[in-house]
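Note sheet for the following structure.
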Amino acid sequence: MVWTRPADVPYPAVWHTFQAKDLDSEEQVTYVVQDLPEERFEDAIKHMVGIFIYDEPMCRAKNLAEEQRSVDDIYDLWREVVKQRLALVCFREGSDEIVGLNMTYASCKDDKKDYIIQGSRWRDVHDAVMYFTERSNVYENCQVDVYLSALGLSVTPKYRGRGIATEILRARIPMCRAVGLKVTATVFTAIGSQIPAAKVGFVESFVMDYEELAKLEARFTFPGIQSRFCKSMTLRIE
């Protein structure tokens, strides 16, 4: 099954607007969450490579950024993800600076799994995430052949503390309704994303302590990880 965005859904579309503090004052300003435009694909991927792989707990624990093959692997994967035109970006109204990103994409039950990973550090992170994805069994439990998943949620450091991650996750709901997806599910590796997900209505579908994860395979050991749990979380779209 190959998922394509319905032709009658405008692109790029704005999915959510909200008020939050401005950068340099307590003044409330408008932020917009919308489709990532094609002309910003490379900018978005550079943002993820420059920020996300240093912040995300598993990537940080493995020092993924120091292995170029792993960086190249995840760069190539994000390039494929954005082609679906489902990735979400947050802007401050009147500015084209990236405030936050969610690399969302349609995960299809019958997709061919021909993704080749060269970097050992990304392979360890990828396979750990896939372990959670398989255990949550979204296709069977939610009775769907396709759902909205994601490979990374990131907020630009100077915009943190404003609830941006929560609002980006909230934007998945109207987008899913528009494109016909009934479920969204993601493996959230950090408490900083698990709490926003719970606020939006995501529920836990598979949870494991990182110490228990390490007992499954030695390569699933993530030294110095601060979050206690990794969680696969699911939200049904009404």
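Accessible-area rank, largest first, for Asp96, Asp111, Asp8: Asp8, Asp96, Asp111, with all protein chains present and a 1.4 angstrom probe.
The Cβ shell under 11 Å around Gly119 holds other residues with a net charge of -2, Lys and Arg each +1, Asp and Glu each -1. Here, P(r) means the percent of Cα pairs in each 5 Å bin from 0 to the largest distance; for the chain it is 1, 6, 14, 19, 20, 19, 12, 6, 2, 0.
Within the listed set Lys199, Lys21, Lys158, the residue fluctuating most in the Gaussian network model of the chain (springs between alpha-carbon atoms under 10 angstrom) is Lys158.
For the pair Ser25 and Leu216 in one chain, pulling the backbone fully straight at 0.36 nm per residue adds 64.0 nm over the alpha carbon distance. Computed from the alpha carbon positions, the gyration tensor of region 88-190 leads to an equivalent ellipsoid with semi-axes of 26, 19, 12 Å, biggest first. When the Cα atoms of region 134-228 are aligned to their principal axes, the ranges along those axes come out at 42, 40, 18 Å in descending order.
The slack in the chain from Lys158 to Arg79, taken as 0.36 nm per residue of separation less the alpha-carbon distance, amounts to 25.9 nm.
For region 1-132, the normalised intensity computed at q = 0.15 Å⁻¹ comes to -0.84 (log10 of I(q)/I(0), Debye sum over alpha carbons, equal scatterers, no solvent). Annotation: peptides 216-224, 97-105, ranked by per-residue average of other Cβ atoms within 10 Å with the highest first, follow the order 97-105, 216-224.
The values are calculated or read from the model by the stated rules, or taken from the named source; none is laboratory data. Not measured: the values here are computed from a predicted model. Methodologically, a virtual Cβ is constructed for each residue, glycine included, from the backbone with ideal geometry; neighbour enumeration extends over all protein chains shown. Note: areas computed on protein heavy atoms with side chains; ligands, DNA, RNA excluded. Shrake-Rupley method; radii C 1.70, N 1.55, O 1.52, S 1.80 Å.
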